Amino acid sequence: MKKRSYNILLILVLLYTIIHRFLICKYLLKFNECLTSVFCLILLFLGYKLLGYRKTINNDTNKKIIKNVVIKLLLFFLIYYLIGFITGFLKNSYSINIIDIFKNSIFILVIYICIELFRYMFISADKDNKKYITLLTIVLIIFDTNLLIRFDSFNNIETIFNFITLSFLPTVLNNIALSYLTYTSNNFKASMIYRLVTVLYIYIVPVVPDINDHINSLLLLILPFSMLISTSKVLVVKEEKNRKVKKSDYVFLGIILILVLLIFGIGPFKMIGIETASMSPNYNIGDAVIINKYVDKENLKENDVIAYYDDNDRIIIHRIIKVNSDKTYITKGDMNNTSDNKYVKPNKVYGKVILRIPYIAYPAVKLKGK
């Protein structure tokens with residue numbers, strides 16, 4: 001019976017996600033938040049009827065987890081606003097008048113309170129059924145991502161990568177962290193605090209740090225990952241005081257940080273996906289290349305593969321076939337029969353290709369429909 005209830009609820013969330021994407025977003029967009037709030041209230045009611053509500057457990061471990069969440073959130077916002085003293089601040093685009101705060105946040109408040117209570121009821125109904133807890137987390141990732149996604153903004157590989165790093169990856173890590181907090185604490189309080197603070201703070205603060213999206217994304221990835229590590233450490237200390245957090249956790253975090261740095265070009269290197277076959281067979285559609293942006297752009301040589309801006313400010317990746325006496329470059333795609341129409345000036349060079357990673361950008365290319 002419980003398995004059937006799980007299936008009904010998960011299918012219901014997926015059905016609403018489909019309806020939201022193909023009906024509400026196209027024809028009822030102005031009622032989007034209102035309709036989603038109503039759905040979440042219905043979902044919470046059905047969850048209560050099908051799974052029941054188990055009284056939350058308050059013990060030392062639960063209190064330590066909640067304390068850890070509060071400390072990590074305070075630390076995050078401390079770092080966030082300290083960065084603002086370096087980069088400057090911007091006035092919040094949302095009005096902080098009490099009435100406007102209520103209007104702007106009421107539906108968001110309803111949606112995420114319902115979702116976190118639903119998450120708690122679902123997980124607490126049978127904590128031993130990790131299969132369905134995993135499925136729940138995946139379904140809620142799809143649900144959250146759908147609320148953020150705009151397929152019409154996927155114009156090129158860069159916008160797809162931007163969506164993945166600015167929206168999708170934070171959504172994945174946040175939902176993993178939220179499910180983990182609920183599962184380990186036997187309570188909804190820790191996940192509720194984490195969710196509401198991270199979602200609602202933007203509606204009530206008068207100023208925000210003037211941080212570009214790339215750094216902001218990096219911070220939003222670090223927060224849920226640090227929450228996972230620190231929560232696991234609370235549990236480990238309880239079970240075995242001398243045991244330390246696995247080194248693999250930090251390795252995984254390091255990989256994520258490096259990936260974000262490469263995708264957004266923070267620092268000397270940037271990752272760019274290959275969208276066309278002009279450089280085949282050496283660089284194929286779906287490959288990614290690492291660009292060294294700090295190379296001496298006036299002293300590149302023949303046979304170097306470079307990334308440069310064309311007249312439409314698109315980044316083109318072609319090979320230098322000749323260096324002119326005026327330090328401009330004649331370029332050509334390896335697969336093309338003729339050289340490019342215009343010479344490339346050094347100030348148009350974005351950087352030099354130093355590494356090819358096969359197929360890593362292929363999913364993004366497929367999403368674009370190439």
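Our summary gives the chain a relative contact order of 16 percent, counting only alpha carbon pairs under 8 angstrom and 6 or more residues apart.
Separation of the range 324-365 from the range 278-295 is 8 Å, based on Cα centroids. Spin-label pair residue 28-residue 197: with each label point 7 Å from Cα along the Cα-Cβ axis, the two points sit 3.5 nm from one another. Across the options 186, 343, 10, the greatest Cα extent toward the positive end of the charge dipole of the chain (unit charges at beta carbon of Lys, Arg, Asp, Glu) belongs to 186. Legend: calculated FRET efficiency, residue 130 to residue 41, from the Cβ-Cβ distance at R0 = 45 Å, rounded to 0.05, equals 0.95. Relative contact order of the range 37-159, taken over Cα pairs closer than 8 Å and 6 or more residues apart, is 48 percent. For the chain, the longest principal axis of the alpha carbon atoms and the long axis of helix 213-239 meet at an angle near 40°. Return one number: the angle in degrees, 0 to 90 and rounded to the nearest 10, between the long axis of the Cα atoms of helix 2-19 and the longest principal axis of the Cα atoms of the chain. The angle comes out near 50 degrees. Which angle from 0 to 90°, rounded to the nearest 10, does the C-alpha axis of helix 189-200 make with the longest principal axis of the chain? With both axes taken from Cα atoms, the answer is about 50 degrees. The residue 310 and residue 55 beta-carbon pair, evaluated with R₀ = 45 Å, returns a calculated FRET efficiency of approximately 0.10. Model label points for residue 322 and residue 234, set 7 angstrom from Cα along the Cα-to-Cβ axis, are 6.8 nm apart. For the chain, the square roots of the Cα gyration tensor eigenvalues, ordered a ≥ b ≥ c, give a/c of at least 1.5 with a/b greater than b/c, which places it in the prolate category.
Per-peptide packing, taken as the mean over residues of other Cβ atoms within 10 Å, places 83-94, 343-354, 68-79 in the sequence 343-354, 68-79, 83-94 from highest down. Mind checking the full-extension length gain between residue 71 and residue 83? Use 0.36 nm per residue of separation minus the Cα-Cα distance, one decimal, nm. Computed gain between residue 71 and residue 83 is 2.5 nm. Between residue 204 and residue 294, residue separation times 0.36 nm minus the direct Cα-Cα distance comes to 28.3 nm. Exposed loop sites here mean GluC sites (Glu not before Pro) with a DSSP loop assignment and at most 14 other beta-carbon atoms within 10 Å; the chain contains its longest site-free run at 1-239. If the chain linking residue 93 and residue 159 were pulled fully straight, counting 0.36 nm for each residue of separation and taking away their Cα-Cα distance, it would gain 21.4 nm.
In terms of Cα atoms, the Rg and Dmax of the range 269-368 work out to 12.9, 43 Å.
Where a number appears in this text, it was derived from the coordinates with a stated rule and is not lab data. As the structure is a prediction and not an experimental result, all values here were calculated from the model. Glycine gets a Cβ as well: all are built from the backbone with ideal geometry, and neighbour counts include every protein chain shown.
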